[in-house]
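Take a look at the structure set out below.
Computed from the coordinates by the stated procedures, all read-outs in this text should not be read as laboratory data. Because the structure is a prediction, the values reported are computed rather than measured. Virtual Cβ from ideal backbone geometry, glycine too; neighbours counted across all protein chains shown.
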Amino acid sequence: MWKLLQGGKRATAQTARYVSGFSALAPRSLDSILKLNTVRHATPEEVVSLWNKYHSGRGLVSAVINKEQFNTIQHRAKTCPFFVVPLQEENGYTSFFLQAQMPHLLFTGLEDYKMRGTNASPYLTLAHYTELADSKGLVLVRGDIVFPSKLSDIQAKKLMDISHSFFLHDSRFSIVEDFNKNSADFEFQDVLKELNISAGP
């Protein structure tokens, strides 16, 4: 693990105080995005369609997960709030540092984190809105791309989906646990293998 973060401050659940300055931008309230009274009588399927259509092609990314999935992510992120997520590129991959501050997930470039530590600015912030969790069983997810020059819409969508999967699927979450709790057992190759990314020559 420490090889990945060499040059930056260590990031584990036990040393969370070192990254306390890495914080989310103030998110918009859900009601400022989606008037809740207009979807009071809508079906869950209609809400999903409306939410994703609103964010399509706007320099934003979106998703909808169910209440149980959100509860799993939130529970696991409390004890394992950090991870490194690689994205496949034409020539290799680029890695991003993830910090969970539920209901938010924050991402910055791993190289930026190595150089700037807690002063590194997020490239992407994900907000999970739970206002419809009880009435419709839905949690709405909105991703704001802070630096479009560093992260495209397509990359942001992949980053969101991959990160959710590592908290939701037991086999993948075991790798997140090693990163946070058992650094001696963590192998970045396991992450690459899980995502079918070649480590290169």
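At a 10 angstrom cut-off on C-beta neighbours, averaged per residue, how do the peptides 146-152, 121-127 rank from highest to lowest?
The most tightly packed comes first, giving 121-127, 146-152.
Give, rounded to the nearest 20 debye, the magnitude of the charge dipole that the range 74-201 has about its Cα centre when Lys and Arg contribute +1 at Cβ and Asp and Glu contribute -1 at Cβ.
The dipole of the range 74-201 has a size of about 280 debye.
Check cross-link reach from LYS114 to the lysines: straight Cα distance under 17 Å, and skip same-chain residues fewer than eight apart.
LYS3, LYS9, LYS150
Once phi is turned into ³J(HN,Hα) by the Karplus curve 6.51 cos²θ - 1.76 cosθ + 1.60 with θ = phi - 60°, what whole-Hz value does each residue of the range 53-58 show in order, with x for glycine and proline?
Residue by residue, the range 53-58 yields 5, 4, 8, 5, x, 10 Hz.
Return LYS78, LYS157 ranked ascending by Cβ neighbour count within 10 Å, so the fewest neighbours appear first.
Starting with the residue having the fewest Cβ neighbours, the order is LYS78, LYS157.
Only helical DSSP H runs with n ≥ 4 go in: add -39500 (n - 2.57) per run for the chain, normalise by residue count and round the 222 nm mean residue ellipticity to 500 deg cm²/dmol.
-10500 deg cm²/dmol
Sort 175-183, 39-47 for me by packing, meaning the mean count of neighbouring Cβ atoms within 10 Å per residue, highest on top.
Ranking the peptides 175-183, 39-47 by packing returns 175-183, 39-47.
Per residue of the range 169-177, in order, report the coupling 6.51 cos²θ - 1.76 cosθ + 1.60 (Karplus, θ = phi - 60°) as ³J(HN,Hα) in whole Hz, putting x for Gly and Pro.
Karplus values, whole Hz, x for Gly and Pro: 9, 4, 5, 6, 5, 4, 6, 4, 4.
Under a point spin-label approximation (7 Å from Cα along Cα-to-Cβ), what is the SER56-LYS35 distance to one decimal in nm?
The two pseudo-label positions are separated by 2.2 nm.
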